[in-house]
Amino acid sequence: MREQFAPLGGAVTDAVFFGGRAFSYHGKQFAWVMGSTLYLRVGDATRAGFEAEGAQPFSYETKKGTVQVRKFYTAPEFLLDDPEQMLVWARKAIDSAE
């Protein structure tokens, strides 16, 4: 993902995050990779676009059931094959993180 996000500039950093990698832009986390899945930050203005593409919120299981983190959704699969659109959606995620 570093290569995919490189055109965003030197303000993008990444670090270990709960067994995955977190990506930040000027210190604001906008994406993370858990396993082989990329998650992008969403907000009220972008959530519907993610859902329209079949994206799902990050979720994990606890003893009390499933917890959904609705601030991060799976990146639509077509983004992995379209670097230009990946940057468009990454910029939306950055805007949602502010």
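Just a few scattered comments:
- Verdict on Tyr60 being in contact with a Pro (Cβ under 9 Å, 6 or more places away or on another chain) and not in a loop (DSSP other than H, G, I, E, B): no
- Residue match in region 28-51 (condition: modelled with pLDDT of 90 or more, assigned to a helix (DSSP H, G or I) and of a type in the set (Asp, Glu)): yes
- Condition check for Thr62: surrounded by 13 or more Cβ atoms within 10 Å (Cβ to Cβ) and of a type in the set (Val, Ile, Thr): no
- Filtered by the rule that a residue be in contact with a helix residue (DSSP H, G or I) (Cβ under 9 Å, 6 or more places away or on another chain), among the aliphatic types (A, V, I, L, M) and in a strand (DSSP E or B), region 1-27 gives a lone residue, Val12.
- Residue within region 44-53 that is among the polar types (S, T, N, Q), within 24 Å of Ala6 (Cα to Cα), touching a strand residue (DSSP E or B) at 6+ places or on another chain (Cβ under 8 Å) and touching a residue at least 12 places away in the same chain (Cβ under 8 Å) present: no
- Counting only residues that are surrounded by 13 or more Cβ atoms within 10 Å (Cβ to Cβ), within 12 Å of Ala90 (Cα to Cα) and over 12 Å from the mean Cα position of the chain (by Cα), region 7-24 holds 2 of them.
The values are calculated or read from the model by the stated rules, or taken from the named source; none is laboratory data. What you are looking at is a predicted structure, and each value in this text was computed from that prediction instead of being measured. As a convention, Cβ positions derive from the backbone with ideal geometry for all residues, glycine included, and neighbour counts pool all protein chains shown.
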